[in-house]
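Below is one structure, written out as structure tokens, with a few remarks after it.
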Amino acid sequence: MNNYAADEARGMITALDRTVTCPSSEYVLDSGVRTPWCVQGVYFVPIFQTLYDMNWTLVTQ
């Protein structure tokens, strides 16, 4: 077993829609640490689309 964590580039959140009332705090994982901020609608762009559009290459080590 390796002693490191794997990271993955999946994409970017590009925008959030309107804020809404959060569900019961029992469904918000860290509601005891911070005040939850809930939104309806998250816009996501897959990383491959950004790389293609910008003619970029993702380099990992």
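Below are the figures for this structure:
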read-out: Lone unmet requirement of (1) open to solvent by less than 90 Å² (accessible area, probe 1.4 Å); (2) at pLDDT 80 or above; (3) outside any strand (DSSP E or B) for Phe48; value: (1)
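To keep it simple, each residue is scored yes or no on (1) open to solvent by less than 80 Å² (accessible area, probe 1.4 Å); (2) modelled with pLDDT of 85 or more.
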{"residue": "Asn3", "(1), (2)": "no, no"}
{"residue": "Met12", "(1), (2)": "no, no"}
{"residue": "Ala15", "(1), (2)": "yes, no"}
{"residue": "Thr21", "(1), (2)": "no, no"}
{"residue": "Ser24", "(1), (2)": "yes, no"}
{"residue": "Leu29", "(1), (2)": "no, no"}
{"residue": "Pro36", "(1), (2)": "yes, no"}
{"residue": "Gln40", "(1), (2)": "no, no"}
{"residue": "Trp56", "(1), (2)": "no, yes"}
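The values are calculated or read from the model by the stated rules, or taken from the named source; none is laboratory data. Predicted, not measured: the structure shown is a model, and the values here were computed from it. Each accessible area value is taken on the protein alone, full model and side chains, heavy atoms only, with ligands, DNA and RNA left out. Shrake-Rupley method; radii C 1.70, N 1.55, O 1.52, S 1.80 Å.
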